[in-house]
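Peer 1: Starting off with a structure, shown below.
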Amino acid sequence: MKKPGTLFLAIILLGILISGCGAKKEMDGRSQSPDSAAQSQKTELNPQAQFPTSPPSDPPSASSPPETSADGNTLIISEKMFLTQINDIFYNFDLYKDKTIVVEGMYMLFFNQDGVQDTPAVYRRGPGCCGNDGWGGFLLKYDGDYPEDNAWIKVTGTPELVNNEYFQDLYLNVSSIEVLEERGEEFVSQ
């Protein structure tokens, strides 16, 4: 004998599956290239992957520019999906390895494995293992002069995955760094 709640549960699950497929189909019509991401590098940050939800007709702002350039070879990391886009670059690196990446965030020297604060990064704060103690962004390889600590910067470069014993780090091989006056959101959740 079946329990009366089993049929109700099956109907609810079927409704969730149907509505989820409809939302994905609608979104697929809007997005032509992969553009979601955030990564876990040397920290406990493990953001969940999500897809952009704003239609392309939204006007760009200083902190959330369009997601790709006219040539299609430049990915502009948006503020709205910052962690998600970086995560996608990390986990689907072959799709991005030849692209130019443009990202805004705070500048800071991070600590290396030996406890020395010498690893430059562009990042934003985000959810972590113990509340809001995580971060997402790129470590930087750059031959030029770095800005002051906590400066808001716009970085352009190409991504690189670097094996570091037991894990991989996501770097940007920087072609330019620009210090911006207007700051975007320092804390992002997706």
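The values are calculated or read from the model by the stated rules, or taken from the named source; none is laboratory data. Quick caveat, the model's predicted, so the values are computed rather than measured. Here Cβ is always computed from backbone atoms with ideal geometry, including for glycine, and neighbour counts include all displayed protein chains.
Peer 1: Count, please, the residues in region 59-75 that happen to be closer than 16 Å to V188 by Cα and either crowded, with 20+ Cβ neighbours inside 10 Å or at pLDDT 95 or above (or both).
Peer 2: Total satisfying the criteria: 1.
Peer 1: Another question, then. Residue check, P56 against (1) at pLDDT 65 or above; (2) in a loop (DSSP other than H, G, I, E, B), all met but one. Which one?
Peer 2: Single failed check for P56: (1).
Peer 1: Within region 164-182, is even one residue touching a residue at least 60 places away in the same chain (Cβ under 8 Å), outside any strand (DSSP E or B) and of a type in the set (F, W, Y)?
Peer 2: No, the conditions are met nowhere in region 164-182.
Peer 1: Filtering region 96-131 down to residues that are over 13 Å from Y146 (Cβ atoms), among the small types (G, A, S) and surrounded by 19 or more Cβ atoms within 10 Å (Cβ to Cβ), which residue is modelled with the lowest pLDDT?
Peer 2: Of region 96-131, the ones over 13 Å from Y146 (Cβ atoms) are 96-105, 111-116, 123-131.
Subset that is among the small types (G, A, S): 105, 115, 126, 128, 131.
Subset that is surrounded by 19 or more Cβ atoms within 10 Å (Cβ to Cβ): 105, 126.
Numbers: G105: 96, G126: 90.
Once the filter is applied, the top-ranked residue is G126.
Peer 1: While we're looking at this one, here's another question. Identify the single condition in (1) surrounded by 14 or more Cβ atoms within 10 Å (Cβ to Cβ); (2) out of contact with any helix residue (DSSP H, G or I) (no Cβ under 9 Å at 6 or more places or on another chain) that Q190 does not satisfy, given that it satisfies every other one.
Peer 2: Here Q190 clears every test but (2).
Peer 1: Additional query: Only one of these conditions is not met by V102: (1) of a type outside the set (G, A, S); (2) assigned to a helix (DSSP H, G or I); (3) in contact with a Gly (Cβ under 9 Å, 6 or more places away or on another chain). Which number is it?
Peer 2: Among (1) of a type outside the set (G, A, S); (2) assigned to a helix (DSSP H, G or I); (3) in contact with a Gly (Cβ under 9 Å, 6 or more places away or on another chain), the lone unmet condition for V102 is (2).
Peer 1: Please determine, by comparing only the residues of region 146-175 that are among the charged types (D, E, K, R) and closer than 25 Å to N73 by Cα, which one is modelled with the lowest pLDDT.
Peer 2: Of region 146-175, the ones among the charged types (D, E, K, R) are 148-149, 154, 160, 165, 169.
Filter once more, keeping what is closer than 25 Å to N73 by Cα: 154, 160, 169.
On the way: K154: 97, E160: 96, D169: 93.
Taking the candidates together, the pick is D169.
Peer 1: Can you tell me how many residues within region 133-170 are aromatic (F, W, Y) and either under 13 Å from the mean Cα position of the chain (by Cα) or at positive phi (or both)?
Peer 2: Counting residues in region 133-170 that are aromatic (F, W, Y) and either under 13 Å from the mean Cα position of the chain (by Cα) or at positive phi (or both) gives 2.
Peer 1: For region 106-132, give me each residue that is on the phi > 0 side of the Ramachandran plot and part of a strand (DSSP E or B).
Peer 2: Selection gives G131 alone.
Peer 1: Please give the number of the condition S176 fails out of (1) loosely packed, with under 13 Cβ neighbours inside 10 Å; (2) in contact with a Leu (Cβ under 9 Å, 6 or more places away or on another chain).
Peer 2: (2)
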